[in-house]
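Chemist: Before anything else, here's the structure in question.
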Amino acid sequence: MCGRLVCVLEGQNLTVRCQYRDNSGNIKKPEWESGYHVPGYNLPPTSQIPVLYGKMGQRFFRSMRWGLVPSTHTKSLKEFNLSTHNCCSETILERPIYSRAFLKGQRCVIPADGFFEWNSTKGAEKIPYFVHKSRGKEDKTGDKHDIEHPLLMIAGLYDKCRLNNEDSFFYSASVITVSASSSINWLHHRMPALLETEEEIQQWLHTGALKSKDTLPLLSPRVCIDLYPVSKVVNSVYINSPACLEKTEPPKKRKVNTLEKFFSKKQKTDSTVEVSFSGPKTKGEGSEEDANRGKPTTS
């Protein structure tokens with residue numbers, strides 16, 4: 001799924017990196033409606049993350065809790081115990097907590113430098129990897145300010161509620177996930193839903209562009225990512241520093257020595273013998289030849 005995000009840009013830098021053209025064709029920067037984003041190298045669920053959303057043809061930023069709290073929740077945040085930082089695209093219309101926000105057009109984009117993922121191979125050592133957008137000659141979203149480090153634009157949902165029936169709204173968001181593409185399925189079976197072009201971002205953010213259900217085809221596996229192994233310091237949610245992004249050597253396959261090979265083969269042989277000769281046959285187990293042994297023959 002997606003359990004750690006990375007967004008090291010400050011609020012003003014994010015607005016520059018997320019410029020867009022309005023309905024009149026003018027280049028604009030999204031405005032911050034509430035506070036600024038504090039850079040994070042290792043953001044776990046329940047952290048504050050930068051969320052981009054559309055309103056009346058314009059785009060705005062707001063810092064939101066990572067983990068959607070539905071509009072129907074009116075108690076304290078401590079009394080909300082559901083894990084909602086990820087929303088499966090396949091069940092987005094089946095779970096009311098997500099379908100309400102989706103059908104109301106509360107779609108958003110979560111810009112990120114990348115995310116961390118751990119290999120999910122059964123029995124293998126858990127190695128963390130930093131997953132980021134592929135570095136190409138030109139970023140399809142129009143992000144030309146730093147071609148060497150384009151942002152991932154992750155599709156999400158947001159909602160707002162009144163905690164403890166307060167007057168002000170509390171905002172929160174979820175990352176939408178899809179089946180993993182060939183770029184990452186060897187590492188994990190899920191990945192965030194990524195939007196690659198400005199047209200896709202426009203269609204996803206602005207409710208007038210497409211009806212909610214017509215945006216579902218945008219949620220598909222993408223191959224526009226690269227990754228590399230990083231230090232295990234990211235395993236701790238308390239570590240939030242550039243050290244989280246430092247590249248490490250890829251794990252090497254352990255060589256099996258001759259002695260280990262010998263005993264491995266011996267164990268296989270012993271187990272085969274055990275199965276083949278499982279002890280004396282009980283009544284009814286013998287062959288037809290055994291059953292006829294000792295009987296008089298006729299000429």
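Chemist: Please go through (1) open to solvent by 40 Å² or more (accessible area, probe 1.4 Å); (2) closer than 17 Å to Gly156 by Cβ; (3) of a type in the set (S, T, N, Q) for Thr72 and return the number of the only condition it doesn't satisfy.
Modeler: (2)
Chemist: Additional query: With the checklist (1) closer than 29 Å to Ser241 by Cβ; (2) not in a strand (DSSP E or B) in hand, flag the one item Val6 doesn't pass.
Modeler: (2)
To keep it simple, each residue is scored yes or no on (1) in a strand (DSSP E or B); (2) in contact (Cβ under 8 Å) with a residue 40 or more places away in the chain; (3) open to solvent by 10 Å² or more (accessible area, probe 1.4 Å); (4) under 30 Å from Ser179 (Cβ atoms).
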residue: Val16; (1), (2), (3), (4): no, yes, yes, no
residue: Asn23; (1), (2), (3), (4): no, no, yes, no
residue: Glu33; (1), (2), (3), (4): yes, no, yes, no
residue: Pro50; (1), (2), (3), (4): yes, yes, no, yes
residue: Arg62; (1), (2), (3), (4): yes, yes, yes, yes
residue: Leu82; (1), (2), (3), (4): no, no, yes, yes
residue: Tyr98; (1), (2), (3), (4): no, yes, no, yes
residue: Phe102; (1), (2), (3), (4): no, yes, no, yes
residue: Pro111; (1), (2), (3), (4): yes, yes, no, yes
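Chemist: May I pose another question? Residues that are in contact with a Lys or Arg (Cβ under 7 Å, 6 or more places away or on another chain) and over 19 Å from Val175 (Cα atoms): does the range 64-83 have at least one?
Modeler: Looking through the range 64-83, at least one residue is in contact with a Lys or Arg (Cβ under 7 Å, 6 or more places away or on another chain) and over 19 Å from Val175 (Cα atoms).
Chemist: In the range 209-222, which residues are modelled with pLDDT of 95 or more and either in a loop (DSSP other than H, G, I, E, B) or at positive phi (or both)?
Modeler: Within the range 209-222, Leu219, Ser220, Pro221, Arg222 qualify.
Chemist: On the basis of being open to solvent by 10 Å² or more (accessible area, probe 1.4 Å) and aromatic (Phe, Trp, Tyr), does Tyr129 make the cut?
Modeler: yes
Chemist: Here's a follow-up. Could you please give the count of residues in the range 228-253 that are surrounded by fewer than 18 Cβ atoms within 10 Å (Cβ to Cβ), among the hydrophobic types (A, V, I, L, M, F, W, C) and under 18 Å from the mean Cα position of the chain (by Cα)?
Modeler: The total comes to 1.
Chemist: Name the residue that is most open to solvent (accessible area, probe 1.4 Å), counting only residues in the range 149-180 that are of a type outside the set (A, V, I, L, M) and closer than 14 Å to Leu218 by Cα.
Modeler: Out of the qualifying residues, it is Ser179.
Chemist: Could you give me the residue pairs with C-beta distances under 8 Å whose first residue belongs to the range 130-159 and is closer than 11 Å to Glu196 by Cβ and at pLDDT 50 or above, whose second residue is among the basic types (Lys, Arg) and surrounded by fewer than 16 Cβ atoms within 10 Å (Cβ to Cβ) wherever it lies, and which are 6+ apart or on separate chains?
Modeler: Pro150/Arg135
Chemist: Continuing with the same structure: If Lys29 passes every condition in (1) over 27 Å from Val230 (Cβ atoms); (2) open to solvent by 40 Å² or more (accessible area, probe 1.4 Å); (3) at pLDDT below 95 but one, which one does it miss?
Modeler: Unmet for Lys29, out of (1) over 27 Å from Val230 (Cβ atoms); (2) open to solvent by 40 Å² or more (accessible area, probe 1.4 Å); (3) at pLDDT below 95: (3).
The values are calculated or read from the model by the stated rules, or taken from the named source; none is laboratory data. Since the model is a prediction, treat every value here as computed from it, not as a measurement. Cβ: placed from backbone, ideal geometry, glycine included. Neighbour counts: every protein chain shown. Please note that ligands, DNA and RNA were not included when accessible areas were found on the heavy atoms of the full protein model with its side chains. Shrake-Rupley method; radii C 1.70, N 1.55, O 1.52, S 1.80 Å.
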